[in-house]
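The structure under discussion appears below in the form of structure tokens.
The values are calculated or read from the model by the stated rules, or taken from the named source; none is laboratory data. All of these numbers come straight from a predicted model, not from anything done at the bench. A quick note on method: Cβ atoms are made from the backbone with ideal geometry, for glycine too, and the neighbour counts reach across all protein chains shown.
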Amino acid sequence: MVVKAAASEEQLHAGFTDRDEGRPAAESVGERLLGALLDRVHLIAPRLVGQLIGQEARIAGATDVSIHLQDLAQLTLRPLTGPGLVGDPLPIAGSLAGQAFSAEESVEEPLPDGSVRLHLPLLDGSNRVGVLGLTLPRLTDYDRQLAQRLAGLVADMIVTNDEYTDAFTRVRTARPLNLSAHMQWRTLPPLSMSTPVVDLAGVLEPAYEVGGDSFDYAFNEHVLHVAVFDAMGHGLEAATMATVIIAAYRHGRLAELPLTELYPAMDQAVATSFPGRFATAQLGRLDTETGVLSWVNAGHPPALWVRGSRVIGELTGPISRPIGFGAGTPVVQTAQLEPGDRVLFFTDGVVEERLLGGEQFGEDRLRDLIEQTTAADLTCAESVRRLSHALMAARFDRTSDDASLLLLEWKRPPREDELDRDIPEATPTG
């Protein structure tokens, strides 16, 4: 970030005096900007966070500040509005802001007057929130570093304050949600997660009418826990059952139940709460130290195993009965992944949708699309986003049943220093 034109290069890097607010002379522009946001954010109404960010960024020398959030269908970036903020809705595909969002990297746009517009992905951890845009009269490495840190803080502020206001949900909702979809979105974890050893992303279709489909995950110690569910039926009844299933899954996961005990515990919860009804599921656990994937398939299509952008097979084997029908101890199966392997879990709504001529969409078409969308060396989050939209386009936007996708990648085993339970000391920077 740069200060206004009157500020010198020395002031930019060494700091400036702000005695009216009692701030020390040694405080730099970056310290003042980030500090002011941290100092003030808890003093304002949560819905005003965007305006606060715009105000403080302008004081630091930026202009045309915009904050865009991705919509639930992951098709557009929708702007926060209010004094000090600019921006119109933008498509993720075909815009510079969308490029920053998809690549998870800042994009610099030179402007005719010599200034530069920055488009910075808003990442809450590794979950993609949206894009921060701002224009600077000039751009230095110091500015780039500060802008990246600002974007990280902005993402955290939005996610934290989202728990206290409907303002951000309204921006992300491009059209009305039905009640069942609202229930499902409130129970979902973040849509994506990325660490040095594992990458993961999921998506639900149709975003604004989904009923019984859902997914969940957690990364505990060196084990990634994943699950995909498809509750029987449609609408509110299916969404209610899915909510109970997720709660039962999380309850058993927190109790550290093995898959052989987790499945019957979930089965009992569904059978007791919804007699005569059931849900199909895939429950999986990936040991990130060894690459061994264990899973229980309770009535889902077999997951696809992808290596080098090619589907090399399916995770086949005995299938346990759907959750709620009860079958005692489930069959746990395993597969040895190699670094870089991906696994795509999906519900039957993905492949059983009928095309205009009555033919099923089918697994062959799904295989072709997953190979196309993984060939570009994209993150799991972007691969799943593009795969979801490619599926919708191939089916001419026909969705008579819920469909969910969950893609995971085992990147590599953790290094010795990553297994250490102590956080390593940071390296001082100059």
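For the range 87-116, enumerate the residues that are β-branched (Val, Ile, Thr) and closer than 21 Å to residue 75 by Cα.
92, 107, listed by residue number.
Answer yes or no as to whether residue 165 is within 18 Å of residue 50 (Cβ to Cβ), β-branched (Val, Ile, Thr), in contact with a strand residue (DSSP E or B) (Cβ under 8 Å, 6 or more places away or on another chain) and outside the structural domain of residue 196 (by TED's automatic domain parsing).
Against the criterion (within 18 Å of residue 50 (Cβ to Cβ), β-branched (Val, Ile, Thr), in contact with a strand residue (DSSP E or B) (Cβ under 8 Å, 6 or more places away or on another chain) and outside the structural domain of residue 196 (by TED's automatic domain parsing)), residue 165 does not qualify.
Looking only at residues that are part of a strand (DSSP E or B), among the β-branched types (Val, Ile, Thr) and in contact (Cβ under 8 Å) with a residue 24 or more places away in the chain in the range 279-312, which one is surrounded by the fewest Cβ atoms within 10 Å (Cβ to Cβ)?
Only one residue fits best here, namely 292.
Search the range 117-127 for residues being surrounded by 16 or more Cβ atoms within 10 Å (Cβ to Cβ) and out of contact with any helix residue (DSSP H, G or I) (no Cβ under 6 Å at 6 or more places or on another chain), and hand back the single one that is farthest from residue 74 (Cα to Cα).
Out of the qualifying residues, it is 117.
Of the residues 350, 343, 384, which is at pLDDT 85 or above, in contact with a strand residue (DSSP E or B) (Cβ under 8 Å, 6 or more places away or on another chain) and within 18 Å of residue 207 (Cβ to Cβ)?
Unique residue meeting the criteria: 384.
State whether one or more residues within the range 142-159 are among the basic types (Lys, Arg), under 26 Å from residue 28 (Cα atoms) and part of a loop (DSSP other than H, G, I, E, B).
Looking for residues that are among the basic types (Lys, Arg), under 26 Å from residue 28 (Cα atoms) and part of a loop (DSSP other than H, G, I, E, B), one finds none in the range 142-159, hence no.
Can you go through 181, 201, 207, 167 and tell me which one is crowded, with 17+ Cβ neighbours inside 10 Å and touching a Cys at 6+ places or on another chain (Cβ under 6 Å)?
Just a single option satisfies the conditions, and that option is 201.
Please find, within the range 53-96, the residue that is surrounded by the fewest Cβ atoms within 10 Å (Cβ to Cβ) out of those that are out of contact with any Leu (no Cβ under 7 Å at 6 or more places or on another chain) and of a type in the set (D, E, K, R).
Here the residue is 88.
Determine, yes or no, whether residue 363 is touching a Pro at 6+ places or on another chain (Cβ under 8 Å), outside any loop (DSSP other than H, G, I, E, B) and either at pLDDT 65 or above or surrounded by 11 or more Cβ atoms within 10 Å (Cβ to Cβ) (or both).
Criteria met by residue 363.
Looking at residue 160 and the list (1) closer than 17 Å to residue 128 by Cα; (2) touching a helix residue (DSSP H, G or I) at 6+ places or on another chain (Cβ under 8 Å); (3) of a type in the set (S, T, N, Q); (4) not assigned by TED's automatic domain parsing to the domain that holds residue 382, which single condition is not satisfied?
(2)
Could you list all residues from the range 153-179 that are of a type in the set (Ser, Thr, Tyr) and touching a residue at least 60 places away in the same chain (Cβ under 8 Å)?
If the condition is that a residue be of a type in the set (Ser, Thr, Tyr) and touching a residue at least 60 places away in the same chain (Cβ under 8 Å), then 164, 165, 173 are the ones that fit.
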